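Handing you this structure, nothing more for now.
The values are calculated or read from the model by the stated rules, or taken from the named source; none is laboratory data. The model shown is predicted, which means the values in this text are computed figures rather than measured ones. Please note: Cβ atoms are built from the backbone with ideal geometry, for glycine as well, and neighbour counts cover all protein chains shown.
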Amino acid sequence: MAAAASHQQQHRHPKRRRLALSLSLSLSLSLSFSPSPAPAAAPPLDTLADELLFLVLDRVAQADPRALKSFALASRACHAAESRHRRTLRPLRADLLPAALARYPCATHLDLSLCARVPDAALASALVSGPSSCPSALRAVDLSRSRGFGAAGVAALAPSCPGLADLDLSNGVDLGDAAAAEVARAKGLRRLSLARWKPLTDMGVGCVAVGCAELRELSLKWCLGVSDLGIQLLALKCRKLTRLDLSYTMITKDSFPAITKLPNLQQLTLVGCIGIDDDALGSLDKECSKSLQVLDMSQCQNITDVGVSSMLKSVPNLLELDLSYCCPVTPSMVRSLQKIPKLRTLKLEGCKFMTDGLKAIGTSCVSLRELSLSKCSGVTDTELSFAVSRLKNLLKLDITCCRNITDVSLAALTSSFTSLISLRMESCSRVSSGALQLIGKHCSHLEELDLTDSDLDDEGLKALARCSELLGLKIGICLKISDEGLTHIGRSCPKLRDIDLYRCGGLSDDGIIQIAQGCPMLESINLSYCTEITDRSLISLSKCAKLNTLEIRGCPRVSSIGLSK
Amino acid sequence: MDLSQNHIHNQFAANLYYQFGSDNPFPSMGTQQQFPPFTSPPFDASPSTNIPHMDWNPATMLDNLTFIEEKIRQVKDVIRTMVDSGGQLSCHQGELAQKQPVVNADLTCLIVQLISTAGSLLPSLKNSSFLSHPAAGHMDMANHVGPSSGLVPNAMTVSEENKEDMCSPEDYEELFKGWTDGAIEEGIEIDNVLVEEQDMKDGDEGIDGENLPPGSYELLQLEKDEILAPHTHFCSICGKGFKRDANLRMHMRGHGDEYKSPAALAKPPRDASAEHELVKRYSCPSVGCKRNKLHKNFQPLKTILCVKNHYKRSHCEKSYTCSRCHTKKFSIMADLKTHEKHCGRDKWLCSCGTSFSRKDKLFAHVALFQGHTPALPPEEPKTCSDQSSHAGSHQESTKVPNSMGSSFMWGASSGDNNALDIKGFDGCNDDFLSTANFGSFNLSFGPADGFTGEPSGGSFSMLPSEHFQSAQKKGQN
């Protein structure tokens, strides 16, 4: 939001922008490194317009978040400027909330995800008694990870934040209709998440549906008490909805057509809706939802290929379809996919492929960009080879745990998809190390590669060194690789952010040091059960400034010395 | 009672004898003198002494008796003319034959009237059915008057000796068959139509689309008082009434060891004769009701319980009022309890104030009207409506309505309509809480209550006692 605001300002003042750029550098340098500036620094600050100053501060914050603190401490004017500048608040404790809101009256985003416990009183006192003269400017509040507040706390939000547009109340397992009725008083809400509100019933949903007519995004995931009546009312009253998550609710065919007829609905998530069956899918009118682009019906256990076939005629503009763990994939069902010519993403995880099902995908879904076949049974070499030879546009492929495929498919795959961005083939154990070298040779655009539990060796890694764009590499349980192979990766993949070396027993500190030196952008590394790893690796990894996830389970030679680094 | 019955029967027998042995010009003066004594006294005296608590109507009884008197006078006149003419024109057999049916019909009507009058009295003696044949009354009257016998709801067939007594011709047999079918109607007062009516009735029974063919069941009709009688089983010793025979048997144990034997305590076996008896069906005594056998599309009631429930529901005053909604009324306590189970609890409210019994109805309403919202039941808004007050005062403000409510109950007990007042109080609850100003509430509360609002000392905890005092004062005044 802060970025968006600054963009707007930049558009308004194109000329000042350059000035700000030049200023910002000098200022940020001078200010961030001089906690106690000379009094002479104050006058130039006063002459700066707020917008310019905020641009400066944006850049300062971008470079080093801690610099803002020292800036605020510089002088009263700096302090005031910083108070007005700050947009996002993320307090650590709820009892700091009143002080924080008083200090930063212009804050628009309040993220309470670090406060595990937010009592009603804290919310009420912060929002009501705080800056009582002017209503809070808050537009977004995130309470998704907080507990301890009830309807009274929620009730404090709506009247004090008239501009509230984004409210995340996920995981409010104790919140029910009364809280929903209070949420409904925030008329301007655009985005709302009520996920896991277990006591919520149709009454609460009805209140929200009537009260928040501007809603664009709504999540009712795991709201088990919500039934068709509430959802029907929602479909009737909130006509502007674009995203709707009804996962694990009790929606049935009574309200399913009403939902799909929402004129602006783009994304519909129906994970695990056991009330959706072939009847419900068949009850849709032809082309009833032209706006729907993303449909997720994974784990809807009661639908079959027949229902899916009959439903596809209703959603002609679909881009993404997720049918994971739903129904067996039959050729007839796949052929009906021709009715959605724009389909880009097809996820069929955990499905059982009938004979010729995969071949039909090759012939029917030519425009596919992304295909997920992970954990599917019935994927064979011949069918996969046929399919990949037809899917010219494919960029991402997931064949995790397709245990029947061999070098044959991999050869066809690598020769067809030279532009592949993502390839996941964990546990494809029948593919040999020689075939894995083909990946490196042909698919040099790869950004994401998962070869966990494969026959990969150092030669394969050497070939992968050609994939200089690689961002994520998972090569856990590849027992054949050694430091030498990892050195190739460390040298040639500077963009690497995420590497998984789980149980790579052949690795030692040298390989890790190579990675740490060659990949400065590293954010996450998994070294669990790499038993040879010592404190030296950790010391070298401490140079990677962006590292935020480090997993070193089962590394007996790591000591507190390494950890302290 | 015993006497009167005897008189009636003797009288009828006598009449019949006169009629058929018309050559015997019996002086009618004696009978004429006999009538007045038995018409009123037994009915006036015996009910008042025997069953002072019963709800029979002396006025209607008197009407009935005067009617009977009138009738008897008519018949006597006819017969006198017959006697006279027989004396003058020695046996004009043709004329006699002409008049005979008229007399028959009149007598039939008389008997019917008498029995129905007596019958309406009998159940009020809380021990017998009016349907039990007069002969039974005649013979077992001691039992009937004493609180000994249980309710005998089914009609008894005419005993042979009674028929002999009356020397009844076929017309009378038909009439008694009508009785056994429960065909006696107080409303039937037209002299000559009774027999026709009977025929028509038979025809009706034939027409109605019953699952049982008309002849295949025995049609009974209980009298109103009998239906409304609170007890159907009575102790022969102390007269206490019971709803169930099992309870009576349990009660009997207290009257002696002979009632404690397993045989006495066992459930009486069904009569062997009951098995080959016809299935019984019942008619509602209220004329014009579909369950009444005179109705064109008559549908009989299956059991006595059905009769009771039907009669109470359809033809009795609904005296039980729902204590929640104060609008629904019922004549059967069970119905009230069933209703109270649902009344109020699943009220689905809309923000506009309309309430619905079903959720889907509410949602259809909300869907139809712009701006209407489903409203939560009042308890929940109450807890969350004080959100605007300070969180610190949260505890107090939630406690306040309770104490206020109770004090209010006290105060209002002097008024005439508690419920309404309390409702009004609930209505202003939210306002009160939002102001969080106890003093102002106190003021607004006083006048609304109708009290001359004594200025409270500002201490809130004082309020209930003050109101109590004022209520007491009011009571003293």
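Out of curiosity, is A:LEU446 more than 23 Å from A:GLU523 (Cβ to Cβ), crowded, with 21+ Cβ neighbours inside 10 Å and under 23 Å from the mean Cα position of the chain (by Cα)?
No: the conditions fail for A:LEU446.
So A:SER332 passes all but one of these: (1) outside any strand (DSSP E or B); (2) within 30 Å of the chain's Cα centre (by Cα); (3) closer than 22 Å to A:LEU281 by Cβ. Which condition number does it fail?
All conditions are met except number (2).
Within region A:261-270, can one find any residue that is within 13 Å of another protein chain (Cβ to nearest Cβ) and surrounded by 22 or more Cβ atoms within 10 Å (Cβ to Cβ)?
No, there is no match, as no residue in region A:261-270 is within 13 Å of another protein chain (Cβ to nearest Cβ) and surrounded by 22 or more Cβ atoms within 10 Å (Cβ to Cβ).
Before we move on, is B:PHE242 of a type in the set (Phe, Trp, Tyr) and either closer than 15 Å to B:LEU219 by Cα or surrounded by fewer than 17 Cβ atoms within 10 Å (Cβ to Cβ) (or both)?
no
Go over the candidates A:SER389, A:SER422 one by one and state the one that is small (Gly, Ala, Ser) and modelled with pLDDT of 90 or more.
A:SER422
Same structure again: Specify which of the listed residues (A:LEU371, A:LEU420, A:LEU394, A:LEU436) is closer than 18 Å to A:GLY472 by Cα, of a type in the set (A, V, I, L, M) and within 24 Å of the chain's Cα centre (by Cα).
None of the others qualify; the one that does is A:LEU420.
Right, next: Checking A:LEU236 against (1) away from chain B (no Cβ under 13 Å); (2) among the hydrophobic types (A, V, I, L, M, F, W, C); (3) surrounded by fewer than 23 Cβ atoms within 10 Å (Cβ to Cβ), only one condition comes out false. Which one?
(1)
Per-residue answers, yes or no, for (1) in contact with a strand residue (DSSP E or B) (Cβ under 7 Å, 6 or more places away or on another chain); (2) hydrophobic (A, V, I, L, M, F, W, C); (3) within 14 Å of chain A (Cβ to nearest Cβ):
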residue	(1), (2), (3)
B:VAL287	no, yes, no
B:LYS290	no, no, no
B:LYS293	yes, no, no
B:ILE304	yes, yes, no
B:LYS312	no, no, no
B:SER319	no, no, no
B:HIS342	no, no, no
B:ALA375	yes, yes, yes
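State the number of residues belonging to region B:262-287 that are at pLDDT 80 or above, in a loop (DSSP other than H, G, I, E, B) and surrounded by 10 or more Cβ atoms within 10 Å (Cβ to Cβ).
4
Could I ask something else about it? How many residues, within region A:363-387, are more than 21 Å from A:THR345 (Cβ to Cβ), of a type in the set (Ser, Thr, Tyr) and part of a helix (DSSP H, G or I)?
Adding up the residues that qualify gives 2.
Which one of these is under 28 Å from A:VAL226 (Cα atoms), assigned to a loop (DSSP other than H, G, I, E, B) and not basic (Lys, Arg): A:LEU268, A:LEU284, A:LEU321, A:LEU343?
A:LEU284
Can you pull out the helices (runs of 4 or more DSSP H) entirely within region A:55-158 that have at least 1 residues that are within 14 Å of another protein chain (Cβ to nearest Cβ)?
Those helices (runs of 4 or more DSSP H) span A:97-103, A:120-124.
Another question, if that's okay. Return the residues of region A:177-211 that are part of a helix (DSSP H, G or I) and more than 7 Å from chain B (Cβ to nearest Cβ); say none if nothing qualifies.
A:ALA179, A:ALA180, A:VAL183, A:GLY204, A:VAL205, A:VAL208, A:ALA209 - these are the residues of region A:177-211 that are part of a helix (DSSP H, G or I) and more than 7 Å from chain B (Cβ to nearest Cβ).
Spot the failing condition for A:ASP278; the list is (1) at pLDDT 90 or above; (2) surrounded by fewer than 19 Cβ atoms within 10 Å (Cβ to Cβ); (3) among the charged types (D, E, K, R), and only one is missed.
Among (1) at pLDDT 90 or above; (2) surrounded by fewer than 19 Cβ atoms within 10 Å (Cβ to Cβ); (3) among the charged types (D, E, K, R), A:ASP278 violates only (2).
Note down all Cβ pairs under 6 Å where the first residue falls in region A:544-565 and is under 19 Å from A:PRO520 (Cα atoms), the second is of a type in the set (Ser, Thr, Tyr) and at pLDDT 90 or above, and they're at least six residues apart or on different chains.
Sorted first by the residue in region A:544-565, then by its partner, the pairs are A:THR549/A:SER524; A:GLU551/A:SER528.
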